[in-house]
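The values are calculated or read from the model by the stated rules, or taken from the named source; none is laboratory data. None of these values were measured; they are calculated from a predicted model. Please note: Cβ atoms are built from the backbone with ideal geometry, for glycine as well, and neighbour counts cover all protein chains shown. To get the accessible areas, we keep the full protein, side chains included, count just its heavy atoms, and leave off ligands, DNA and RNA. Shrake-Rupley method; radii C 1.70, N 1.55, O 1.52, S 1.80 Å.
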Amino acid sequence: MDFLNRDIVSIKDLTREDLDKVFGTARRMERDGYDRGLLRGKRVSLLFYEPSTRTRLSFQAAAQSLGADTIWFAGIEGTSVMKGETLKDTIETVSNYADAIVVRHPYDGAARWAAEITTRRAERGEKKVPVINGGDGRNEHPTQTMLDLYTMAQSQGRIGGLTIAMVGDLKYGRTVHSLAYALGMYGCRIRLVAPEQLQMPPHVLSYLASRGVECTLHTSIEEVIGEVDILYMTRIQKERFPDENEYNRVRGMYRVTRKMLQPAKPTMRVMHPLPRVDEVSVDVDDDPRSYYFKQAGNGVPIRAALLAMVLGGIS
Amino acid sequence: MNVQKNGTKKGMIVSPIENGTVIDHLPPGRAVRIARMLGLTEGAVVIIGQNLKSTKYGRKDLIKVENRFLTDEECSRIALFAPNATVNIIRDSELVEKRKVSIPDVVEGIAICSNANCITNKEPVPTRMVTVSRSPVVIACYYCGYEVKAEDLRLRG
């Protein structure tokens, strides 16, 4: 499917062929360098209602690497959201200022709603402004998944056939929801490591089952460390818990140390969408199997490829 | 089957109607909810039967509403909560049409997403639910993807 003006809201909206196109473009950009003329005259808006380091900065770096201008807010302080402005009104307004909107929002489904607003504008005869989901509540984070898959392919030479463990907050973690959906397309084996109360939501598990994915549930990293190709760690996200007592019961439950990596394959890689708190010990940073900072770096080529394709810089 | 011309089985305790709709074969305990969803509780003459004997299902609920004829869209909404329901249209005490209901692909406006953090529960966004499975009936929020079984679907109002 053509990427021009396409909303990127859920990883489920994309086919494997779509993802492979993004990866191919990202690889070419990494190899050949970024063409600063590609998106000259375009403007990308970054509406970050929630804190972000990597997603916002890598989107900004990606846009600027291709010659696009960026406008943004980071946190709602100083915006009309503080006065009670709805997402709809903000999107209607910013659509007049920008050629693409990247939105991170605390509410699930916010990106889908934003995309619907710009689509309705296009139906009224206005220019279609594509919306890219930079993370919506506990729901999805599709561009993180793209860079995660790209990183897996980069570190292992393939995605299909890998055994991948996801560890930590699988209930509230949007990155692992999107990642699980995507791995279902590639024929991977999935190991889900979490305390019972933070296991993957039933709708994600039923999606994986419908795809015939081999998926097992675990409560300790030690159960899976010897067999996996990717150990995908996640932070227990305090801000997503409706109840602080529930958070306190599970915080610090999973922590990977360099010593724990002993039984792991030499080719295994530790990934993490970051930020970390204490779930990956700092001594893992110097182990050749740590890959999370390289993973974070992949945010730029992936997001540059996506922006170029959505804004028509690359057809 | 002992069906009289006005859609009432012999020996039933609820009285027949001359013109209107009989919604039959509702799972026990659902009639009030369905009547409310269809806005039947406002003004119209409505007879609700609960936990009636049913040869087919053991027990059932039933709704009779006078001078009201349901649209296809309303029949689809009934199917969410009562996939085996039948809708009988009565005119001049005659049963003129007997419809089976079918589950809709999309339901707009009437349901509430069960995910408290969904944008539709936080800002003025009209809800839209999509049927993802028909047996059992599973409905997902179009915006946040949160799934619920049809019997757990919450309605506005």
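Before we move on, is A:Ala115 open to solvent by less than 10 Å² (accessible area, probe 1.4 Å), in contact (Cβ under 8 Å) with a residue 40 or more places away in the chain, within 14 Å of chain B (Cβ to nearest Cβ) and in a helix (DSSP H, G or I)?
Considered against the rule, which asks whether it is open to solvent by less than 10 Å² (accessible area, probe 1.4 Å), in contact (Cβ under 8 Å) with a residue 40 or more places away in the chain, within 14 Å of chain B (Cβ to nearest Cβ) and in a helix (DSSP H, G or I), A:Ala115 comes out as yes.
Could you go through segment A:240-251 and let me know if any residue there is within 14 Å of chain B (Cβ to nearest Cβ), open to solvent by less than 60 Å² (accessible area, probe 1.4 Å) and of a type outside the set (Phe, Trp, Tyr).
So far as segment A:240-251 goes, yes, one or more of its residues are within 14 Å of chain B (Cβ to nearest Cβ), open to solvent by less than 60 Å² (accessible area, probe 1.4 Å) and of a type outside the set (Phe, Trp, Tyr).
Out of all the residues in segment A:4-61, which are surrounded by 20 or more Cβ atoms within 10 Å (Cβ to Cβ), within 14 Å of chain B (Cβ to nearest Cβ) and among the charged types (D, E, K, R)?
The one that is surrounded by 20 or more Cβ atoms within 10 Å (Cβ to Cβ), within 14 Å of chain B (Cβ to nearest Cβ) and among the charged types (D, E, K, R): A:Asp7.
What are the residues in segment B:119-157 that are over 18 Å from the mean Cα position of the chain (by Cα) and part of a loop (DSSP other than H, G, I, E, B), if any?
B:Glu123, B:Pro124, B:Val125, B:Pro126, B:Thr127, B:Tyr142, B:Tyr143, B:Cys144, B:Gly145, B:Tyr146
Please specify each residue of segment A:84-105 satisfying the condition of being away from chain B (no Cβ under 14 Å) and either part of a strand (DSSP E or B) or not polar (S, T, N, Q) (or both).
Within segment A:84-105, A:Val94, A:Tyr97, A:Ala98, A:Asp99, A:Ala100, A:Ile101, A:Val102 qualify.
Output the residues belonging to segment A:118-147 that are of a type in the set (D, E, K, R), farther than 22 Å from B:Lys122 by Cβ and outside any helix (DSSP H, G or I).
A:Arg124, A:Glu126, A:Lys127, A:Lys128
Quick check on my filter: what residues within segment A:148-189 are among the β-branched types (Val, Ile, Thr), open to solvent by 10 Å² or more (accessible area, probe 1.4 Å) and not in a helix (DSSP H, G or I)?
A:Ile159 - this is the single residue of segment A:148-189 that is among the β-branched types (Val, Ile, Thr), open to solvent by 10 Å² or more (accessible area, probe 1.4 Å) and not in a helix (DSSP H, G or I).
Among the residues of segment B:113-157, what is the count of those that are away from chain A (no Cβ under 13 Å) and either touching a Cys at 6+ places or on another chain (Cβ under 7 Å) or open to solvent by 30 Å² or more (accessible area, probe 1.4 Å) (or both)?
Residues in segment B:113-157 being away from chain A (no Cβ under 13 Å) and either touching a Cys at 6+ places or on another chain (Cβ under 7 Å) or open to solvent by 30 Å² or more (accessible area, probe 1.4 Å) (or both): 7 in total.
Can we say A:Arg174 is within 14 Å of chain B (Cβ to nearest Cβ) and touching a strand residue (DSSP E or B) at 6+ places or on another chain (Cβ under 7 Å)?
Yes: the conditions hold for A:Arg174.
Report, ordered by the first and then the second residue, all pairs with beta carbons closer than 9 Å, sequence separation of six or more or different chains, a first member in segment A:245-257 that is small (Gly, Ala, Ser), and a second member that is open to solvent by 50 Å² or more (accessible area, probe 1.4 Å).
Matching pairs, first to second residue: A:Gly252/A:Val277; A:Gly252/A:Asp278.
Checking the conditions here, which among A:Gly137, A:Gly125 is within 13 Å of chain B (Cβ to nearest Cβ) and either in contact with a Pro (Cβ under 6 Å, 6 or more places away or on another chain) or free of Cβ contacts under 8 Å to residues at least 40 places away in the same chain (or both)?
Testing whether each residue is within 13 Å of chain B (Cβ to nearest Cβ) and either in contact with a Pro (Cβ under 6 Å, 6 or more places away or on another chain) or free of Cβ contacts under 8 Å to residues at least 40 places away in the same chain (or both) leaves just A:Gly137.
Within segment B:71-88, does at least one residue satisfy the condition of being within 14 Å of chain A (Cβ to nearest Cβ), of a type in the set (A, V, I, L, M) and open to solvent by less than 10 Å² (accessible area, probe 1.4 Å)?
Checking segment B:71-88: not a single residue is within 14 Å of chain A (Cβ to nearest Cβ), of a type in the set (A, V, I, L, M) and open to solvent by less than 10 Å² (accessible area, probe 1.4 Å).
Could you list, in sequence order, the residues of segment A:74-102 that are under 16 Å from B:Glu123 (Cα atoms) and either of a type in the set (D, E, K, R) or under 18 Å from the mean Cα position of the chain (by Cα) (or both)?
Within segment A:74-102, A:Lys83, A:Glu85, A:Lys88, A:Asp89, A:Glu92 qualify.
From the set of residues in segment A:190-219 that are assigned to a loop (DSSP other than H, G, I, E, B), farther than 26 Å from A:Arg249 by Cβ and in contact with a helix residue (DSSP H, G or I) (Cβ under 7 Å, 6 or more places away or on another chain), which is most open to solvent (accessible area, probe 1.4 Å)?
Selected residue: A:Arg211.
Can you give me the ranges of the helices (runs of 4 or more DSSP H) entirely in segment A:234-315 with at least 3 residues that are in contact with a Leu (Cβ under 8 Å, 6 or more places away or on another chain) and closer than 23 Å to A:Thr143 by Cβ?
So the answer is A:292-297, A:299-310.
Which of the residues belonging to segment B:55-97 are in a loop (DSSP other than H, G, I, E, B) and of a type outside the set (Gly, Ala, Ser)?
Result: B:Thr55, B:Lys56, B:Tyr57, B:Asn67, B:Arg68, B:Phe69, B:Leu70, B:Thr71, B:Pro83, B:Asn84, B:Asp92.
What do you reckon, is A:Ile71 of a type outside the set (D, E, K, R), more than 14 Å from every other protein chain (Cβ to nearest Cβ) and under 17 Å from A:Glu140 (Cα atoms)?
no
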